[in-house]
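The values are calculated or read from the model by the stated rules, or taken from the named source; none is laboratory data. The structure displayed is predicted, hence computed values, not measured ones. Positions of Cβ are backbone-derived with ideal geometry, glycine not excepted, and every protein chain shown enters the neighbour counts. Accessible surface is based on the protein model in full, side chains and every heavy atom, while ligands, DNA and RNA are left aside. Shrake-Rupley method; radii C 1.70, N 1.55, O 1.52, S 1.80 Å.
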Amino acid sequence: MKDKLRRLPAVNTVIQAKDWQKGTSEVPAEVITKWIQEEIAAIRHAMQVGSYNGGTEQSELLTQVCEAVNRRLAEDGPYLLRRVINATGVVLHTNLGRARLSQAAAERVAKAAASYTNLEFNLEDGERGSRHAVIENQITAITGSEAAMVVNNNAAAVYFILSVFAKEKEVIVSRGELVEIGGSFRVSSIMKESGAHLMEVGTTNKTHMSDYEQALSSETAMIMKVHSSNFTMRGFTKSISAAELTALKKQHPELLIYEDMGSGSLFPFSNYKIGDEPEIKPAIQSGIDLISFSGDKLLGGPQAGIIAGKKELINTLKKHQLARVLRVDKLTLSALEATLLAYHNEERTKEIPAIRDMLKTPEELKTQAERIAEQLERMYCCHVREGTSLPGGGTMPDVLLPTYIIEVTAPNLSPSALAKELRRQRIPVIVNVKNNSCVIDPRTLDEKDERDLVSAFLSV
């Protein structure tokens, strides 16, 4: 073993083996050196655990490292953030960036990125303006709120609202709504960081109006409702809506009712028999003081936290020092503006990729699956059958979208090995591995994705 390990090439030996920078000047030398180190370390580890099955002569090991680095140069280039093809059928795939922007939104981002803009400049009077004004009119027109602003994500919006309006004061939350969102971030933890004092009421499965009434005190600043967007609870349950809670303001006029609506649906999915996700506009109209929701989930836009509600409260948030800490840039605002513009017309809204993909019919998906399978059958065994897709992104946890999937098996590769090879293609393809096959769900594939997916499979 020691003799084999000694034959591994030194990093400098690999660097001197060829002119790595030739034709790849975009890739920094430091990055190439790091890749060489990683490839040598990978071979060393494989030898030590007994999984290495390559050549062990010095020349063979040098060639193997060089070829591995060459592949990374060809596939990765200088960029780590790359386009991938999502063939999992999960529309809002958190690990793959959640919602794709519409063509209109992407074009607006590109235009704003390459230009100066009136981000904080009032074109009418030639004076400094507010970046909040760029998007506020769009949000208020669509949601019916008095005022609105945008921060960098919904978790930031929750923290911001609690910190400004409930610091060192009590916030009442139902025990059944103390949820954990992605990455192990918990509502209770965010509340603690904001300086607000959590007052739990009710039980996990049942919270009554009387529970809220009995918890109110002179120290209460807010009742917070949290939408359970990433789980569902059924059976012997009861909860009080934010709209019902507004009745408590008659006896407690200073009390704030705030709802974290998480997913942020502005589209009537229930009209298309897709779940029963609550919509933002009716919630605003119910008299709630503040609502916050995500921009990159069911809304189908960029990552953002949108806060809408009473003008007096929004103005307080705009003037707070945290508003600058949490503000978004011109690229986010331009993408969000273009996305929201589509919501003025329901048919245009269907052009937003997240919504378009969720609305695809089983008939459309069957045709697409059969078309892909026909092209892959030159090299693979393919079986098209019924399946289900997921909305994803911590939304609609009990919704399964009917689809058609393609189960693909390769003659000389295991499903996991095929999935790995697909991830190593020039444009990586991400598939599910189930039932001893690689599974393609066409729900998340547009025309370009479909062409590139077929090309990737045929290149393995």
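Structural remarks
- Whichever residue in the stretch 23-47 is assigned to a loop (DSSP other than H, G, I, E, B) and at negative phi and, among such residues, is modelled with the highest pLDDT: Pro28
- Residues of the stretch 187-202 classified as assigned to a helix (DSSP H, G or I) and open to solvent by less than 50 Å² (accessible area, probe 1.4 Å), total: 5
- In the stretch 291-320, the residues that are in a loop (DSSP other than H, G, I, E, B), closer than 30 Å to Leu245 by Cα and open to solvent by 10 Å² or more (accessible area, probe 1.4 Å): Asp296, Lys297, Gln303, Lys310, His320
- Within the stretch 367-389, restricting attention to residues that are hydrophobic (A, V, I, L, M, F, W, C) and out of contact with any Pro (no Cβ under 9 Å at 6 or more places or on another chain), the residue that is nearest to Val226 (Cα to Cα) is Val384.
- Some residue of the stretch 96-113 being touching a Ser or Thr at 6+ places or on another chain (Cβ under 7 Å), modelled with pLDDT under 95 and either surrounded by 19 or more Cβ atoms within 10 Å (Cβ to Cβ) or assigned to a helix (DSSP H, G or I) (or both): no
- Any chance Gln16 is at pLDDT 90 or above and either open to solvent by 50 Å² or more (accessible area, probe 1.4 Å) or of a type in the set (Lys, Arg) (or both): no
- Residue pairs meeting the criteria (Cβ under 7 Å; at least 6 apart or on separate chains; first closer than 17 Å to His320 by Cα and in a helix (DSSP H, G or I), in the stretch 130-146; second modelled with pLDDT of 95 or more and open to solvent by 30 Å² or more (accessible area, probe 1.4 Å)): His132/Lys318
- Tally of residues being within 23 Å of the chain's Cα centre (by Cα), in a helix (DSSP H, G or I) and over 14 Å from Arg100 (Cβ atoms) across the stretch 347-367: 2
- Count of the stretch 48-62 residues, restricted to those that are outside any helix (DSSP H, G or I) and touching a residue at least 40 places away in the same chain (Cβ under 8 Å), is 2.
- Exactly one residue out of Gly305, Gly287, Gly262, Gly275 is modelled with pLDDT of 95 or more and among the small types (Gly, Ala, Ser), and it is Gly305.
- Residue within the stretch 276-288 that is closer than 19 Å to Arg348 by Cα, open to solvent by less than 20 Å² (accessible area, probe 1.4 Å) and in contact (Cβ under 8 Å) with a residue 40 or more places away in the chain present: yes
- Residues of the stretch 203-226 satisfying the condition of being in a loop (DSSP other than H, G, I, E, B) and modelled with pLDDT of 90 or more: Thr207, His208, Leu216, Ser217, Ser218, Glu219
- Residue selection: Arg451 satisfies the criterion of being more than 28 Å from Ser294 (Cβ to Cβ) and open to solvent by 70 Å² or more (accessible area, probe 1.4 Å).
- Residues that are surrounded by 14 or more Cβ atoms within 10 Å (Cβ to Cβ) and in a helix (DSSP H, G or I), drawn from the stretch 372-405: Ile372, Ala373, Gln375, Leu376
- The stretch 436-460, subset of a type in the set (Asp, Glu) and in contact (Cβ under 8 Å) with a residue 12 or more places away in the chain, residue nearest to Ala99 (Cα to Cα): Asp446
- Leading residue by the ranking (nearest to Glu386 (Cα to Cα)) among those in the stretch 406-452 that are over 24 Å from the mean Cα position of the chain (by Cα) and in a strand (DSSP E or B): Ile406
- Sub-8 Å Cβ pairs linking a first residue in the stretch 406-435 that is under 14 Å from Thr88 (Cα atoms) and open to solvent by 60 Å² or more (accessible area, probe 1.4 Å) to a second residue that is of a type in the set (Ser, Thr, Tyr) and not in a loop (DSSP other than H, G, I, E, B), at least 6 apart or interchain, are Val433/Ser416, ordered by first then second residue.
- Every residue from the stretch 258-267 that is open to solvent by 20 Å² or more (accessible area, probe 1.4 Å) and more than 20 Å from the chain's Cα centre (by Cα): Glu259
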